[in-house]
Amino acid sequence: MTADFLLSLAQAITKGLLTGMVYGLMALGLSVIFGVMRVVNFAHGEIMVVGMYLAWMGFEYLQVSPMLSLPLIALLFFGAGYALQRAVISPFIGRPEHQQFLLLLAIAILLVNACLVIAGPDSRGVQMDSQFDSYELGPFVFDAVRVHAALTAVVIAGLLWLFFTRTRTGKSIRAAADNNLGALVVGLDVRRLYAFTFGVGAACVGAAGALMITIIPVTPFLAAEYTLLAFVIVIVGGLGSMTGALAGGLLIGVSEAVAGLLLQPSLKSMVSFGILILVLLLRPQGLFGKSGP
Amino acid sequence: MNLLARLTGGVPARSLWGLGLLFAFLLVAPALLGKYGLSVLILVLYFAYVGQAWNIMMGFAGQLSLGHALYAGLGGYIAAGLFFHYGIGPWAGVFVAVLAASAAGSVVGYLGFRFSLAGVYFALLTIAFSEFTRIAFDHWAWAGGSGGLFLKVDAGSDMLNLRGGPLLFYYVILALAVGAFILCRALLESRLGRYWLAIREDPEAAQAVGVPVLRCKMIAIVISAALTALAGVWNAFYYNNLFPETAFAMGRSIEFTLAPIIGGLGTLFGPIVGAVVLTGLGEIFTDLSEVFHVSGLKQIFYGLALLVIVMYRPAGVWPWIAERFGFGEKRQ
């Protein structure tokens with residue numbers, strides 16, 4: 001093994017870790033929604049793609065950097081998620097899985113095709129000056145945009161952690177997740193908390209979308225891929241576990257980057273699905289999950 | 001009791017008459033419908049048939065599979081590949097195809113059920129296997145890789161090699177759909193069918209009263225995979241082309257689930273009614289969106305229709321129709 005090879009391997013791993021942080025943030029949204037409401041959000045990748053398009057539009061038409069439009073997108077997605085949960089999803093909580101699946105599938109079809117109608121099928125990306133910047137650390141070169149995206153994702157994940165451990169609403173949501181009946185008995189407005197949770201989950205994935213557009217261009221067809229990717233990550237990490245979602249994001253980010261280097265880029269998701277199958281069979285609760293499904 | 005009496009026992013007379021009329025109509029339909037009408041009817045029967053196959057797993061045995069494209073894709077690729085490379089006709093190739101899909105089904109089923117994955121977790125396992133296979137076929141030269149596998153379009157009629165016009169494919173898919181319908185009715189009335197319903201309603205209780213849960217689930221997935229593989233073979237020879245990107249796509253798997261869910265899960269008529277509703281809506285929306293010339297518009301109408309149906313008829317359309325018009329079949 002040559003030094004060159006080791007260097008490019010290390011380079012691929014760091015690249016995977018940086019992208020993996022954004023994956024982690026995306027998966028966090030899915031994990032929070034499932035962990036609290038036991039609803040699997042089959043429209044997750046579609047919401048992500050809508051976030052990417054909004055950030056792209058902000059850049060293209062208003063010359064606002066995705067990093068700056070991120071808080072606005074997150075806020076907007078929080079509101080939209082809150083409203084969606086209250087108006088449409090709420091009656092489906094506790095219903096059979098296939099009904100929830102069909103509902104979210106319908107929402108996913110609507111979202112992705114709205115993107116297609118508005119922005120067309122061509123891939124859309126942002127061209128920023130910072131995309132050519134890089135940081136050098138010894139022999140390593142890091143893309144500046146990836147570093148910024150990863151750091152922002154870490155900050156948002158940290159804020160989310162503070163929200164769930166330090167604020168009254170965050171603690172109430174965890175209480176409702178832990179024991180729905182108990183939460184109702186002590187007088188928590190569980191329906192409002194659920195809407196809040198879906199809002200938070202949507203905000204996470206919207207923010208992840210704004211970050212992702214700085215790394216790769218968006219097409220409507222990415223949506224289904226991201227939905228699957230988010231599933232793979234949360235199952236590998238442990239559905240409902242916040243640490244698990246982030247760790248799963250890093251693991252899948254690295255495995256994709258390394259598979260792209262050692263095998264072929266087109267085989268990268270095969271490795272992810274291989275990992276998913278192994279985890280489902282050997283440790284179905286995921287690497288960081290507490291109890292079995 | 002003979003077989004026919006068992007199959008029709010307990011069914012209201014008006015339902016039997018309706019069924020007979022429907023079958024008679026389907027038999028003579030090609031003479032009544034134009035080319036376009038026939039192509040729509042072919043789609044309806046195709047979705048009714050695969051829906052029936054998927055319904056065995058989800059509607060009867062309660063196991064959610066979102067990876068049925070795996071079995072259809074394998075079946076189609078194997079029969080088409082044998083014909084393309086070795087000239088082995090589909091009437092022989094179909095046995096290999098069905099065997100391979102059943103084997104794939106038993107691997108997925110055994111791993112999933114043995115490690116007691118249920119609900120969403122089992123569904124994700126089925127997706128993972130299907131996606132895994134999709135990427136493998138993308139890189140497999142024998143199957144044409146991502147460039148696809150093409151069968152020569154043959155205008156002449158060669159029934160022995162399933163080459164011919166829409167009429168041939170219409171009667172083949174009609175036979176499959178009718179066969180699957182009768183098979184499902186027979187299965188539901190059998191001991192195995194009752195076991196499945198027990199497992200669907202409460203797997204632990206079923207286990208406790210001595211239902212061989214693992215074996216019953218395995219039989220469900222193998223029958224369902226084998227029937228789905230037949231649809232895959234039919235589909236490959238009807239369209240004359242196969243791409244991993246579509247044959248194993250998650251979208252294909254989802255298509256298979258829609259008719260039974262929309263129509264009414266676990267009912268015999270659900271997949272048929274669902275296929276009529278979905279194909280009908282699809283055709284109407286295609287016409288509508290052609291007026292506006294916007295790509296994606298059709299899917300938006302479609303998404304809205306799904307949303308409305310699942311919000312107002314979450315148990316499906318058929319149980320509601322059956323109750324209103326006294327056809328008698330309820331979800332068992």
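Can we say B:Tyr110 is out of contact with any strand residue (DSSP E or B) (no Cβ under 9 Å at 6 or more places or on another chain), over 30 Å from A:Val236 (Cβ atoms) and among the hydroxyl-bearing types (Ser, Thr, Tyr)?
When the stated conditions are applied, B:Tyr110 does not pass them.
Could you check the range B:239-267 and list, in sequence order, the residues that are surrounded by fewer than 21 Cβ atoms within 10 Å (Cβ to Cβ) and within 14 Å of B:Tyr49 (Cβ to Cβ)?
B:Glu255
I'd like to know if the range A:22-31 contains one or more residues that are assigned to a helix (DSSP H, G or I) and within 12 Å of another protein chain (Cβ to nearest Cβ).
yes
Please find, among A:Asp143, A:Asp133, the residue that is loosely packed, with under 15 Cβ neighbours inside 10 Å and among the charged types (D, E, K, R).
Details: A:Asp143 fails: loosely packed, with under 15 Cβ neighbours inside 10 Å.
It is A:Asp133.
Take the residues in the range B:277-300 that are at the interface with chain A (Cβ under 9 Å from one of its Cβ atoms) and assigned to a helix (DSSP H, G or I); name whichever of them is nearest to B:Leu38 (Cα to Cα).
Restricting to residues being at the interface with chain A (Cβ under 9 Å from one of its Cβ atoms) and assigned to a helix (DSSP H, G or I), the top hit is B:Lys298.
May I ask you to list pairs of residues, at least six apart or on different chains, whose Cβ atoms are under 9 Å apart, with the first in the range A:99-120 being facing chain B (nearest Cβ under 7 Å) and the second being of a type in the set (Lys, Arg)?
From residues that are facing chain B (nearest Cβ under 7 Å), the pairs are A:Leu103/A:Arg95; A:Asn113/B:Lys298.
To keep it simple, each residue is scored yes or no on (1) more than 15 Å from A:Ala153 (Cβ to Cβ); (2) among the hydrophobic types (A, V, I, L, M, F, W, C).
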| site | (1), (2) |
| --- | --- |
| A:Ala12 | yes, yes |
| A:Val22 | no, yes |
| A:Phe42 | yes, yes |
| A:Gly45 | yes, no |
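Residues of the range B:113-128 being touching a residue at least 24 places away in the same chain (Cβ under 8 Å) and within 14 Å of B:Met218 (Cβ to Cβ), which ones?
Scanning the range B:113-128 gives B:Phe113, B:Arg114, B:Phe122.
Quick test of your reading of the structure: A:Tyr53 fulfils all but one of (1) assigned to a helix (DSSP H, G or I); (2) out of contact with any Cys (no Cβ under 8 Å at 6 or more places or on another chain). Name the failing condition by number.
(2)
How many residues are touching a residue at least 24 places away in the same chain (Cβ under 8 Å) and assigned to a helix (DSSP H, G or I) when one looks only at the range A:270-290?
Total meeting the criteria: 6.
Looking at B:Leu278, B:Leu307, B:Leu297, which is the one that is surrounded by 14 or more Cβ atoms within 10 Å (Cβ to Cβ) and under 19 Å from the mean Cα position of the chain (by Cα)?
B:Leu278
So, in the range B:190-208, how many residues would count as being under 25 Å from the mean Cα position of the chain (by Cα) and assigned to a helix (DSSP H, G or I)?
Total meeting the criteria: 12.
Looking only at residues that are surrounded by 15 or more Cβ atoms within 10 Å (Cβ to Cβ) and not in a helix (DSSP H, G or I) in the range A:57-94, which one is nearest to the other protein chains (Cβ to nearest Cβ)?
A:Ile93
Return yes when A:Val145 is aliphatic (A, V, I, L, M), outside any helix (DSSP H, G or I) and more than 13 Å from chain B (Cβ to nearest Cβ) and no when it is not.
Spelling it out, it is not the case that A:Val145 is aliphatic (A, V, I, L, M), outside any helix (DSSP H, G or I) and more than 13 Å from chain B (Cβ to nearest Cβ).
Among A:Gly187, A:Gly240, which is out of contact with any His (no Cβ under 9 Å at 6 or more places or on another chain), more than 21 Å from A:Leu160 (Cα to Cα) and outside any helix (DSSP H, G or I)?
Values: A:Gly240 fails: more than 21 Å from A:Leu160 (Cα to Cα).
None of the others qualify; the one that does is A:Gly187.
Within the range B:310-332, track down each residue that is surrounded by 13 or more Cβ atoms within 10 Å (Cβ to Cβ), closer than 23 Å to A:Ala108 by Cα and more than 8 Å from every other protein chain (Cβ to nearest Cβ).
Matches in the range B:310-332: B:Arg313, B:Ala315, B:Gly316, B:Val317.
Being out of contact with any Phe, Trp or Tyr (no Cβ under 8 Å at 6 or more places or on another chain) and either facing chain A (nearest Cβ under 10 Å) or within 21 Å of B:Met58 (Cβ to Cβ) (or both) is the filter here, so list the residues in the range B:130-151 that pass it.
Of everything in the range B:130-151, those that are out of contact with any Phe, Trp or Tyr (no Cβ under 8 Å at 6 or more places or on another chain) and either facing chain A (nearest Cβ under 10 Å) or within 21 Å of B:Met58 (Cβ to Cβ) (or both) turn out to be B:Ala136, B:Asp138, B:His139.
Kindly indicate which of B:Gly51, B:Gly81, B:Gly73, B:Gly89 is under 28 Å from B:Ala143 (Cβ atoms), modelled with pLDDT under 85, surrounded by 15 or more Cβ atoms within 10 Å (Cβ to Cβ) and not hydroxyl-bearing (Ser, Thr, Tyr).
Within the list B:Gly51, B:Gly81, B:Gly73, B:Gly89, the selection yields B:Gly89.
So B:Phe60 clears everything in (1) aromatic (Phe, Trp, Tyr); (2) touching a helix residue (DSSP H, G or I) at 6+ places or on another chain (Cβ under 8 Å); (3) away from chain A (no Cβ under 14 Å) except one condition, right? Which one?
It is condition (3) that B:Phe60 fails.
Could you please let me know if B:Val211 is among the hydrophobic types (A, V, I, L, M, F, W, C), in a loop (DSSP other than H, G, I, E, B) and over 25 Å from B:Phe83 (Cα atoms)?
For B:Val211, the condition - among the hydrophobic types (A, V, I, L, M, F, W, C), in a loop (DSSP other than H, G, I, E, B) and over 25 Å from B:Phe83 (Cα atoms) - is met.
Output the number of residues of the range B:261-276 satisfying the condition of being closer than 17 Å to B:Tyr302 by Cβ and either outside any helix (DSSP H, G or I) or not hydrophobic (A, V, I, L, M, F, W, C) (or both).
2
Which one of these does A:Thr227 not meet: (1) touching a Gly at 6+ places or on another chain (Cβ under 8 Å); (2) of a type in the set (S, T, N, Q); (3) more than 30 Å from A:Pro91 (Cβ to Cβ)?
Exception for A:Thr227: condition (3).
The values are calculated or read from the model by the stated rules, or taken from the named source; none is laboratory data. Model, not experiment: these values are computed from the prediction. Glycine gets a Cβ as well: all are built from the backbone with ideal geometry, and neighbour counts include every protein chain shown.
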